[in-house]
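Peer 1: Structure below; questions to follow.
The values are calculated or read from the model by the stated rules, or taken from the named source; none is laboratory data. Note that the structure is predicted; figures quoted are calculated from it, not measured. Cβ: placed from backbone, ideal geometry, glycine included. Neighbour counts: every protein chain shown. All accessible areas refer to the heavy atoms of the entire protein, side chains included, with ligands and DNA or RNA removed. Shrake-Rupley method; radii C 1.70, N 1.55, O 1.52, S 1.80 Å.
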Amino acid sequence: MDNMKSIFGLFVVFWFAFAFFELSFDREIFVSYTASEVADYDPDAGQPRLLPRAVTEYRVQQDSVVSRTGEYVSKYNDCTVFDSDNWTCTYSDESGTFGARRGEFFSRTNLEKFPHLKYLDEEETLSRFRYIMLQCRWDATGGIDAILCLFRPFMT
């Protein structure tokens, strides 16, 4: 029984360590965790207000940034880069800017030029831990899918 307690305790420690910290040692990669408002959100339905979006990795280079969301890769050349925690890029069509300031991701849409993109302003940037907890809340709404929460920090 003591072995089971030790294994469980070790699992909990690893779960929280992986949930809180981005365990990448590549200093040129910045990871963004975002969520958006649920369309037709009903607070009585028992679902979270936010829906997790895909995780995006940004590889910060000298004068450009390469983003990867799943298998989709984009390169942005209109960028000002200070370091991996402080950089800004503008989309080629000038529809907005995005980047990191002191390690916090931001994204701004040019609503004067592109008013139809207003929905993009409803995205929220989350910490890794808050993102994983949001995924777990969604897992819990699916019954048996709640088991996925046990593995979220290791898969995200």
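Peer 1: Could you state how much accessible area Met4 has, in square angstrom rounded to the nearest 10, with a 1.4 Å probe and all protein chains kept in place?
Peer 2: Accessible area, nearest 10 Å²: 120 Å².
Peer 1: Note down the relative contact order for segment 11-156 as a percent, whole number, built from C-alpha pairs under 8 angstrom at least six residues apart.
Peer 2: 23 percent
Peer 1: Can I ask one more? Show me, for segment 82-93, the HN-Hα J-couplings you get by feeding each phi into the Karplus relation (A = 6.51, B = -1.76, C = 1.60, θ = phi - 60°), rounded to Hz, glycine and proline as x.
Peer 2: 9, 7, 5, 9, 9, 7, 9, 10, 10, 4, 4, 8
Peer 1: Quick one: net charge of Phe82's neighbours, Cβ under 11 Å, K/R +1, D/E -1?
Peer 2: 0
Peer 1: Return the single residue from Val65, Val31, Val12 with maximal mean-square fluctuation; model: Gaussian network over the chain, springs between Cα atoms under 10 Å.
Peer 2: Val12
Peer 1: What figure in square angstrom, to the nearest 10, would you give for the accessible area of Thr90 with a 1.4 Å probe?
Peer 2: Roughly 40 Å² of Thr90 is accessible to a 1.4 Å probe.
Peer 1: Give me the net charge for the shell around Val60: Cβ to Cβ below 15 angstrom, other residues only, Lys and Arg +1, Asp and Glu -1.
Peer 2: The answer is -3.
Peer 1: Taking the Cβ-Cβ separation of Leu150 and Gln61 as r and a Förster radius of 25 Å, what is the calculated FRET efficiency to the nearest 0.05?
Peer 2: Calculated value: 0.10.
Peer 1: Using a 10 Å Cβ count of at most 14 others and DSSP loop calls, identify the longest part of the chain lacking such chymotrypsin sites (Phe, Trp or Tyr not before Pro).
Peer 2: 42-156
Peer 1: Using each residue's phi in segment 142-155, evaluate 6.51 cos²θ - 1.76 cosθ + 1.60 at θ = phi - 60° and report the 3J(HN,Hα) Karplus result to the nearest Hz, with x for Gly and Pro.
Peer 2: x, x, 5, 5, 4, 4, 4, 4, 4, 10, 3, x, 8, 9
Peer 1: Same structure, new question: Taking θ as phi - 60°, what are the ³J(HN,Hα) couplings along segment 55-69 by the Karplus curve (6.51, -1.76, 1.60), each to the nearest whole Hz, with x for Gly and Pro?
Peer 2: For segment 55-69, the Karplus curve yields 6, 10, 9, 10, 8, 8, 10, 4, 10, 8, 9, 10, 9, 9, 10 Hz.
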